[in-house]
């Protein structure tokens, strides 16, 4: 069955991208430069990502703020207009329906960008939970999304917006309606790579024009089109979680280390009771970062083991993401382990396809950019 | 895509160059599917490998795959350069990125390998 295509499908083919199926979408996993060069372009110059497969929705109405507060763990409704807010959507049992970013336009109007593979589930969830309070409009099929990320991204996008500096002056996690290369966009100072940059939402028909304008303007300074491969390696180095790997319906935000996006004091919201209890009782497991210094890569699904325990009880945790470090040494990953095994500096043993490999628990991001 | 005509191939995308001994590597088709190679883990000199059985693993940024022996025999040489320079697989999969040299124990197995034409047909289906 052919997959769904973004409006940039032809542009990817023209660039020679290798396409893969990603949750029912035909998406570029890499271009001829390859994942490693694409990754490095984002760290050293800038990279361009087609993320049009992601879902988008509008929430509108006099009770929009009340509805959004009920739906989200973070204080989305309490944010100022013009702010973008990362949040979880939780089930009443504390499990994560999705992680996403809300854009507050006013107390009565919010925009939200959702994970591609969760869009249908999220929309059903929103309609079920808050559909009576607010008008929900699915904009996924009409909206394209292009991420421009890297140290040169902001100047590049600002120049294409007329070079007046309006865009470079935008704060982190803010957004604005603007025109870039003649294309009407919502530009958000957000990203999923650990670098500065923008995510640009525009109409499908305008996406190819915006994509080529950015790529052409950036090519002389080493800007590359980047596929899902680089997107994954970049987000992992920046320790940003990936839904479906590190988060799912059975993990809680507190276990995932996303307590900073859970505002228990903001008032009632879905999942709050369970999260309050988890916080008081302590967690069963916690998501840790780890680094492997020997020649091995621990990947999604590999077991964290404790060989001092009796046979049959040796599995103490699970790797949720893993890959080679590209801008950092060794190989890196994330795993759920019992809190007793989560001390930074502690050694974990990971069963890498039948071979026990030592990993060190690492606190914080694997890669943090220099902020100027 | 076309493949070197002096080699034989497997369904699992390994190539084999026959002579006094057999040299084994992976094809450009496999390399293109894998993307940037970050780690190659091979059998050791002196190991006995069995046709169709795993002789190592290859990891790209995104995935890990097994490498399967095209013939049975004794490993007489291993390309140790791949340990520190796995990217050679991306740049020169039929040359500098050869993986093992095998002394085959049953030369009859060589007959079961795919010709360049058959392998071209196999990969054309993808």
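Throughout, read-outs are computed from the coordinates displayed, never taken from laboratory work. From a predicted model like this one, the values you see are computed outputs, not experimental measurements. All Cβ positions, glycine included, derive from the backbone under ideal geometry; neighbour counts span all protein chains shown.
Some observations on this one:
- When region A:40-57 is limited to residues that are within 14 Å of another protein chain (Cβ to nearest Cβ) and surrounded by 24 or more Cβ atoms within 10 Å (Cβ to Cβ), the one that is nearest to residue A:116 (Cα to Cα) turns out to be A:42.
- Region A:26-39, residues that are more than 11 Å from chain B (Cβ to nearest Cβ) and within 18 Å of residue A:324 (Cβ to Cβ): none
- Filtered residue count, region A:158-195, keeping only those that are within 24 Å of residue A:327 (Cα to Cα) and in contact with a strand residue (DSSP E or B) (Cβ under 6 Å, 6 or more places away or on another chain): 5
- Any hit, region A:239-251, residues being within 14 Å of chain B (Cβ to nearest Cβ) and farther than 27 Å from residue A:78 by Cα: yes
- The single condition among (1) surrounded by fewer than 20 Cβ atoms within 10 Å (Cβ to Cβ); (2) touching a residue at least 12 places away in the same chain (Cβ under 8 Å); (3) over 22 Å from residue A:31 (Cβ atoms) that residue A:221 does not satisfy is (3).
- Only strands (runs of 3 or more DSSP E) whose full extent lies in region B:16-126 are considered here, and the ones with at least 3 residues that are more than 14 Å from chain A (Cβ to nearest Cβ) and crowded, with 19+ Cβ neighbours inside 10 Å are B:22-26, B:73-78, B:100-104.
- Scanning region A:8-25 for residues being surrounded by fewer than 20 Cβ atoms within 10 Å (Cβ to Cβ), within 14 Å of chain B (Cβ to nearest Cβ) and part of a loop (DSSP other than H, G, I, E, B) gives a total of 1.
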